[in-house]
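Notes follow once the structure below has been shown.
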Amino acid sequence: MAQAAVLYSTPEAGCRTAGQPPELDAVVRHLSHELRQPLSTIDTAAYYLQLILSGADTRAGQQLEKIQQMVHQMSWILSDAVHYAQAAKPRPAWVDLCEMITDHVMAQAVEQNVELDWNDCSPAPLVLMDAAQGQHLVRTILNVFRQIARTEQPLHVSLQRDGAHATFECSCEAGEELLAHAAELFEPFTPHLPPGSGLALASVKRIAEAHRGSASIEGTGGVLRLEVRLPSE
């Protein structure tokens, strides 16, 4: 029992008595930590096997590539789960949302397929939020919409100041089925998003609301549009 208490202890839970059930956020965080190590080992092994089998066995190479893709997908799922459970308590600070969006667009190497539009954002609005959760929010939105949109279709990303709020919007053309189920895309484990995205937009909504903001999504005129509003300086 003593070992179990240590396993699930967290800085925020110092007053928890022995034998008391662990909080959900602690369980999710520790599961994520424990699973990342074997996933990293599998990814590394697949990488070296690809080097060894390079050109020797096409089918084996294809299967190893699939393994790596699945490992990366699992890493996304774990990250979404941690943020959805809010295992990392918000530690708000003033951050430059414009800079954060631009950095992630460039990091994903999709800048040529993204139309950036900074409306009424001079100077850029600062938003009060936890930097790690803000980065996850931006990265998740761009990743999901990049998968939804066809390769040749651009994502439209805009940021504008709206009174005491900053409004971050991402949109792209989408299929009729996805547009018809737009209202369900914030639901955990919705089947309408790409594989591995079951908690993605659900975590976006949770993060926005945890920072006194909001998230909404709609599908009209063949376009799926997600909007996040956050308190701004």
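The values are calculated or read from the model by the stated rules, or taken from the named source; none is laboratory data. Predicted, not measured: the structure shown is a model, and the values here were computed from it. Neighbour counts are summed over all protein chains in view; Cβ atoms, including those assigned to glycine, are modelled from backbone coordinates with ideal geometry.
The table below gives the values:
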{"read-out": "Top-ranked residue of the stretch 206-233 - restricted to ones that are in a loop (DSSP other than H, G, I, E, B) and not small (Gly, Ala, Ser), ranked as surrounded by the most Cβ atoms within 10 Å (Cβ to Cβ)", "value": "His211"}
{"read-out": "Condition met for Gln153 (polar (S, T, N, Q), farther than 20 Å from Ser75 by Cα, not in a strand (DSSP E or B) and not assigned by TED's automatic domain parsing to the domain that holds Ile77)", "value": "yes"}
{"read-out": "Within the stretch 182-205, considering residues that are touching a His at 6+ places or on another chain (Cβ under 8 Å) and either free of Cβ contacts under 8 Å to residues at least 24 places away in the same chain or part of a strand (DSSP E or B) (or both), the one surrounded by the most Cβ atoms within 10 Å (Cβ to Cβ)", "value": "Thr190"}
{"read-out": "Qualifying residues in the stretch 140-166 (those that are crowded, with 20+ Cβ neighbours inside 10 Å and not aliphatic (A, V, I, L, M)) - the one nearest to Arg212 (Cα to Cα)", "value": "Thr140"}
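Residue-by-condition table, conditions (1) in the same structural domain as Leu193 (by TED's automatic domain parsing); (2) in a helix (DSSP H, G or I); (3) at pLDDT below 75:
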position	(1), (2), (3)
Ala60	no, yes, no
Leu64	no, yes, no
Gln69	no, yes, no
Gln73	no, yes, yes
Met100	yes, yes, no
